[in-house]
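To start, the structure under review is shown below, and the notes come after it.
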Amino acid sequence: MSEITDTLETTAENPVSGIDQLAGDFKYDMTYDFDAGTGLNERTVDYISAVKKEAPWIREFRQSALKTFLSKPLPTHWASRDLETINFDKIRYYLSQGLKPKRTWDEVPADIKRTFERLGIPEQERKFLAGVEAQFDSEAAYSNIKEAVSKQGVIFVNSSEGLREHPEIFRKFFGKVIPTGDNKFSALNSAVFSGGSFIYVPPGIKVSHPLQAYFRINAENFGQFERTLIICDEGSELTYMEGCTAPKFSTATLHSAVVELVALRGAKIQYITVQNWSSNVFNLVTKRGLAHEESQIKWIDCNIGSRLTMKYPGVVLKGRKSRGEVISIALANDGQHQDTGAKMIHAADETTSTVVSKSISVGQGRATYRGIVHIPRQLKGCKNNTECDALLINTNSRTDTYPAITVRGDRHAVQHEASVSKVSADQIFYMQQRGLTEGQAMSLSVNGFINDLARQFPMEYSVELKRLIDLEMEGSVG
Amino acid sequence: MALATPAKPAVADAIGGFTPEVFARHLASLTASPAWWLERKRSAYSRFEPLPMPRRTDESWRFSNIAGITLGGFSPGAGGPDPRARQASEAFATALEATLSFLNGSLVGGNPLPAGLAAKGVVASTLSEAVAKHPGLLREHFMAQPQKLGSAKFAALHEAFIQDGAFIHVPRGVVVDRPIVIVHAVSGAGTAVFPHTLVVAEDNAKVTIVDHFVSNDATRQFACGANDLYAGHGARITYVAAQCWSKEALSLQFNSTVVRRDARVQSLNLHLGGKQARHESLSQLQAPGGFSEMLAITVADGARECDQRTLQIHQAPNTKSDLLYKNALLDQSRTIFSGLIIVDPDAQKTDAYQSNRNLMLSDDAESNSLPGLEIQANDVRCTHGATSSRIDPEQEFYLKSRGIPQKAADELLIFGFFEEVLNRLESEELHAALRKLIRAHLRR
Amino acid sequence: MPSLEIRNLHVSTGDKEIVKGVTLSVNAGEIHAVMGPNGTGKSTMAKAIAGHPDYTITGGDVLLDGKSILEMESDERARAGIFLAFQYPSEIPGVSIANFMRAAIQARMAEGEEIDASGFYKRLYKKMDLLKIDRSFTSRSVNEGFSGGEKKRTEILQMAMLEPRFALMDETDSGLDIDALRVVADGVNHLRGPSLGILLITHYQRLLGYIVPDFVHVMIDGCIVKSGDKSLALELESRGYDWVKKEFANA
């Protein structure tokens, strides 16, 4: 703890003391209280760390991650070459509206409130706003833990606060579920992360309301690198929901988050994402959970929008009888590539994993499924079931499926099935004949295709999902 | 043994025993070959030499034991009379039209086609004869398709060093009822062979071909083989390959199948041999109505690695492909199945299926499945599936409770597992011959 | 009087002309049967009137209450009151009958107006009972895995729910055994009334034994070659189509 207090003392008065503000080419935009400028080097990382008044070990963690990021090539030997168009020197890696998360709605600056309003925050977001850790650009602009939740001993803070105030809880798992060097983008996040949610649920506590956070990118060329770590202690339960809507920008934007989940013995975590990035966003996210004995981790991931999304939520099934599940819905419209999937790493006996993926390709959209199921030697009684269904709507759309399944030993059952189908002109005509517009007919078909999955979403989310699909389909027909 | 001079290890790794000197000697031995053929071989060698060996990051070699793919210590074999070559063909001895037997790349025996078929213009000859007599057909069909599955280097090596092979040509409308059997045998440690079977079935022709690959001794050998199948409009080819190389052999085999309008090709590859055996199979459905049925059975045992890479490309509407690859894994064996279905944007009404089933019979065996799809047309029926599971313990118990010992029960269940594939063969004789080979292998 | 008027209608698919100048007027309250051998353009005419994209109207007009509908999209035509009972209804996986009907009815309501859910289900169940469709079907996907009879009954159910002004019934009897035929015919007869006009397309007379038409037309090679009352259907049943063909050829 002493190293943290040291840091706090030396930087308490001026968060950027000790930083040579003239060095480098930091552009100081007055709209933002703190701005790390464009481009990424050691100084950017030092700057972020200093602004956040971080302990030396975090700064070292960031610096070492930066080296890893710079040394790792882009994964274009298997991934889309579109990644090569990202200009890492033109991206802003840190912006902040001030460091202290706002505790009440009144404290939220008026211009931010206006932006929220203009975005049209969905009904259910308003309903839960009291409990929302809403991320506006890098820092949580609004944060208010529900009284009931904090009374239960649940910690729900942003990443800086989590590492600063509760290192004894979070340090143990931070960067452990997803090591810095897991991939180029997890390394990038580890170097420049800010914002995100750190949550700890004490043993036996079942959090009745889902915790929520909304992430938005609203500065042009500004990458958002939130970092989330959720630890559910033995026998506890949590549902976490994140939603993303981003306004349109003229140039590409990068979003690269890292989300780590830890379910200790008997715990249950459900992590729900419904996102709708604007179609110039690169959304390159690493999500993984560590499931201890008899615990359950379930990812529900719904991807709409973005230029390129690469996201393969995974579960490392470390404890006996643990369960992992990924439910994925992806909708790729014109100019969009949804490259999504799942990773199931079995590391204990009698572990079970399930993957259900449904993708929809519209117009020139492209949906790709990539999956890894790995059952190493000397385990017994592992099961995996994977289902991948793709729906193609127009003749120009494309779908790919690339699973990789490794099974060692004769005591497991693994099954992968995939199919491709389409919405036929006859189906659309049939529905039009009953008086539906082409867009409505399309939307009905698409909703029908994902219906069985959408049912697993909480009510308000499936309503929002349906609304998003309606909007996408309206624009997709001529 | 013609080992490479240990000057530059990097280069030696990339060409092994197949040095320019060895290649020059090989060319010099082909005194009777026409200039265009020698030129093709030179061009192939110049492609082979600079291409790198497979690398860990190559997607097309994912999960393969790349360290096991080395060219050092091998040199092209020399032919000679061999009694085993004839013996091997007896596995497919029933009701044949003709046989061709090769040892270490040279023709050592065989039975000619019946006069009736020869009179109709059917050709079952060596490639070297065809180079002289049918240069047009060879230019059009010999190694003419792209290498898309990762072995461009080894395909070039094959083309550069090929000594001889089989050439089957069935003219328009001619039906060859019984199989033509080709035996490719290898003997001697360090021997490299480049077996090749080229089958051209013209419009509405029908033919059945069997390739039987055998080792005469259990030494380390290198088989780098290829087969080209071309089915013209309405033609029908049944192709069966029984790969029974020695368990020390390194085997790389490249198949190309071209299916024209309304043609149908059924191929069944049985893999029993090789320490490391890789089989690449490319089916191109080039015109409406074409159908390619791709079947394979693998018995992976010992510490063998069986690596299968397939590609079904639908280039025209209303085409069909159906792939069923079944692997039984014993001991410390490994299998890799990597399959891809590509549906081109214009190939509407494609009906494509791909299935890989792994029967896990040992706790130390490892199966890897990569069943892939790339679909660019929207009006298609495309499905794939992969499973890895053990024998149903209930079934096993039931058999044992009737007094059947474990090994015999396993064998029964393995055959039960393979039956779905073998049943697809129309010919009872071929079905029986393959069963016999599998049984002999299991009881070895 | 409300009417559906087909005037010298020509329809092509691809380069081929299938309907070659049909003129036919259906008034509200009337049932017109269009009979004819297979491949004479009966179904093509129905689909073209409903606005199927595979068929091009190359000449003539279709008027609903005196106004041309040819510029309208197929869904607009449907909302204007034209219902096509399909010969081969599409299967729509994942979309339940209840949701499908709700969406279709909602599409007919004014902006901002919401469907009354309990009233909707009451009506739906009533019509289902009438057509002997099990109530569990509401949650089944539209036509998916349905038998031929179930599909046709579902078509009539939709017709009952959407209350069209003119129904084009395309080979509604095909694929039905005698019991199913009766149920479907009862359903249609129940809907029959002064506000509904029906164009009944059929190859066989047997349906007309249960749904008695006011007028019968014979269509051959894209043209209506003979019209009459229900007795014409019986004559066709006993004598076949050849004599009409001959008459047509000689004319």
* Asked: Right, B:Leu373: facing another protein chain (nearest Cβ under 9 Å), touching a Cys at 6+ places or on another chain (Cβ under 9 Å) and either assigned to a strand (DSSP E or B) or at pLDDT below 95 (or both) or not?
  -> yes
Within segment C:34-49, of all residues that are in contact with a Phe, Trp or Tyr (Cβ under 7 Å, 6 or more places away or on another chain) and not in a loop (DSSP other than H, G, I, E, B), the one farthest from the other protein chains (Cβ to nearest Cβ) is C:Thr44
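Could you list, in sequence order, all residues of segment B:253-283 that are aliphatic (A, V, I, L, M) and in contact with a Ser or Thr (Cβ under 6 Å, 6 or more places away or on another chain)?
B:Val259, B:Val265, B:Ala277, B:Leu282, listed by residue number.
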Looking across segment B:185-197 at residues that are in contact with a Ser or Thr (Cβ under 8 Å, 6 or more places away or on another chain) and of a type outside the set (A, V, I, L, M, F, W, C), the single one that is surrounded by the most Cβ atoms within 10 Å (Cβ to Cβ) is B:Thr191
Log entry, pairs with first residue in segment B:417-444 being more than 27 Å from B:Thr387 (Cα to Cα), second being modelled with pLDDT under 95 and surrounded by fewer than 18 Cβ atoms within 10 Å (Cβ to Cβ), beta carbons closer than 7 Å, six or more apart or on different chains, reads B:Glu429/B:Thr94; B:Glu429/B:Ala95
Could you go through segment B:74-86 and let me know if any residue there is modelled with pLDDT of 80 or more, polar (S, T, N, Q) and assigned to a loop (DSSP other than H, G, I, E, B). no
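B:Asn318 - would you say it is more than 8 Å from chain A (Cβ to nearest Cβ) and more than 22 Å from the chain's Cα centre (by Cα)? I'd like the intermediate steps shown before the answer.
On the way: more than 8 Å from chain A (Cβ to nearest Cβ): yes; more than 22 Å from the chain's Cα centre (by Cα): yes.
Against the criterion (more than 8 Å from chain A (Cβ to nearest Cβ) and more than 22 Å from the chain's Cα centre (by Cα)), B:Asn318 qualifies.
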Filtering segment C:130-160 down to residues that are within 14 Å of another protein chain (Cβ to nearest Cβ), hydrophobic (A, V, I, L, M, F, W, C) and in contact with a Lys or Arg (Cβ under 6 Å, 6 or more places away or on another chain) yields C:Leu157, C:Ala160
Picked from segment A:386-436 (must be free of Cβ contacts under 8 Å to residues at least 12 places away in the same chain and in a loop (DSSP other than H, G, I, E, B)), the residue farthest from the other protein chains (Cβ to nearest Cβ) is A:Ser424
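Residues are listed down the side, and each one gets a yes or a no for (1) assigned to a loop (DSSP other than H, G, I, E, B); (2) surrounded by fewer than 16 Cβ atoms within 10 Å (Cβ to Cβ); (3) modelled with pLDDT under 95:
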site	(1), (2), (3)
C:Leu168	no, no, no
C:Thr172	yes, no, yes
C:Arg182	no, yes, yes
C:His190	no, yes, yes
C:Ile198	no, no, no
C:Leu207	no, no, yes
C:His217	no, no, no
C:Lys226	no, no, yes
C:Ala233	no, no, yes
Condition set surrounded by fewer than 24 Cβ atoms within 10 Å (Cβ to Cβ) and either among the polar types (S, T, N, Q) or under 19 Å from A:Ile300 (Cα atoms) (or both), scope segment A:363-373, selection modelled with the lowest pLDDT: answer is A:Gln364
Of (1) in a helix (DSSP H, G or I); (2) surrounded by fewer than 15 Cβ atoms within 10 Å (Cβ to Cβ); (3) in contact with a Gly (Cβ under 6 Å, 6 or more places away or on another chain), C:Ile156 satisfies every one except (2)
Picking from A:Ile360, A:Ile345, the residue that is part of a strand (DSSP E or B), at pLDDT below 95 and away from chain B (no Cβ under 11 Å) would be A:Ile360
Residue hits (segment A:421-431; in contact with a Ser or Thr (Cβ under 7 Å, 6 or more places away or on another chain) and modelled with pLDDT of 90 or more) are A:Phe429, A:Tyr430
Taking segment B:119-155 and the residues there that are within 19 Å of the chain's Cα centre (by Cα) and of a type in the set (Ser, Thr, Tyr), the one that is surrounded by the most Cβ atoms within 10 Å (Cβ to Cβ) would be B:Ser151
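Filter segment B:156-175 for residues that are in a strand (DSSP E or B) and either basic (Lys, Arg) or touching a residue at least 40 places away in the same chain (Cβ under 8 Å) (or both) and give the result.
Selection gives B:Ala166, B:Phe167, B:Ile168, B:His169, B:Val170.
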Do we find a residue being within 30 Å of C:His217 (Cα to Cα) and within 7 Å of another protein chain (Cβ to nearest Cβ) anywhere in segment C:54-72? no
With the first residue restricted to segment C:56-77 and required to be without any contact (Cβ under 8 Å) to a residue 60 or more places away in the chain, and the second required to be in a strand (DSSP E or B) and of a type in the set (Phe, Trp, Tyr), Cβ contacts under 9 Å at 6 or more apart or on different chains are none
Turns out the strands (runs of 3 or more DSSP E) fully within segment B:232-332 with at least 1 residues that are among the aromatic types (Phe, Trp, Tyr) and either out of contact with any Pro (no Cβ under 7 Å at 6 or more places or on another chain) or crowded, with 21+ Cβ neighbours inside 10 Å (or both) are B:236-244, B:250-259, B:291-300, B:320-329
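Per-residue answers, yes or no, for (1) within 8 Å of chain A (Cβ to nearest Cβ); (2) in contact with a helix residue (DSSP H, G or I) (Cβ under 7 Å, 6 or more places away or on another chain); (3) closer than 17 Å to C:Phe137 by Cβ; (4) aliphatic (A, V, I, L, M):
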{"residue": "C:Ser74", "(1), (2), (3), (4)": "yes, yes, no, no"}
{"residue": "C:Ala80", "(1), (2), (3), (4)": "no, no, no, yes"}
{"residue": "C:Pro93", "(1), (2), (3), (4)": "yes, yes, yes, no"}
{"residue": "C:Gly112", "(1), (2), (3), (4)": "no, no, no, no"}
Filter segment C:1-33 for residues that are of a type in the set (Val, Ile, Thr) and in contact with a Phe, Trp or Tyr (Cβ under 6 Å, 6 or more places away or on another chain); the one that is surrounded by the fewest Cβ atoms within 10 Å (Cβ to Cβ) is C:Thr13
Taking segment A:439-471 and the residues there that are more than 7 Å from chain C (Cβ to nearest Cβ) and more than 27 Å from the chain's Cα centre (by Cα), the one that is surrounded by the most Cβ atoms within 10 Å (Cβ to Cβ) would be A:Ala441
Counting only helices (runs of 4 or more DSSP H) entirely within segment C:50-137, those with at least 1 residues that are surrounded by fewer than 15 Cβ atoms within 10 Å (Cβ to Cβ) are C:117-130
Review point. Somewhere in segment A:304-318, is a residue touching a strand residue (DSSP E or B) at 6+ places or on another chain (Cβ under 9 Å), under 23 Å from A:Val420 (Cβ atoms) and among the small types (Gly, Ala, Ser)?
Key: yes
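Give segment A:60-87 a look and list any residue that's within 14 Å of chain B (Cβ to nearest Cβ) and either under 21 Å from the mean Cα position of the chain (by Cα) or not in a helix (DSSP H, G or I) (or both), or say none.
Passing the criteria: A:Lys72, A:Pro73, A:Leu74, A:Pro75, A:Thr76, A:His77, A:Trp78, A:Ala79, A:Ser80.
Taking the options A:Ala263, A:Ala257, A:Ala291, A:Ala267, name whichever one is in contact with a His (Cβ under 7 Å, 6 or more places away or on another chain), at pLDDT 85 or above and crowded, with 21+ Cβ neighbours inside 10 Å. Write out each step before concluding.
Working: A:Ala257 fails: in contact with a His (Cβ under 7 Å, 6 or more places away or on another chain); A:Ala291 fails: in contact with a His (Cβ under 7 Å, 6 or more places away or on another chain); A:Ala267 fails: in contact with a His (Cβ under 7 Å, 6 or more places away or on another chain).
When all the criteria are applied, what remains is A:Ala263.
The values are calculated or read from the model by the stated rules, or taken from the named source; none is laboratory data. Since we're looking at a predicted model, the values are computed, not measured. Don't worry about glycine lacking a Cβ; one is built from the backbone with ideal geometry, like all the others, and counts go over all protein chains shown.
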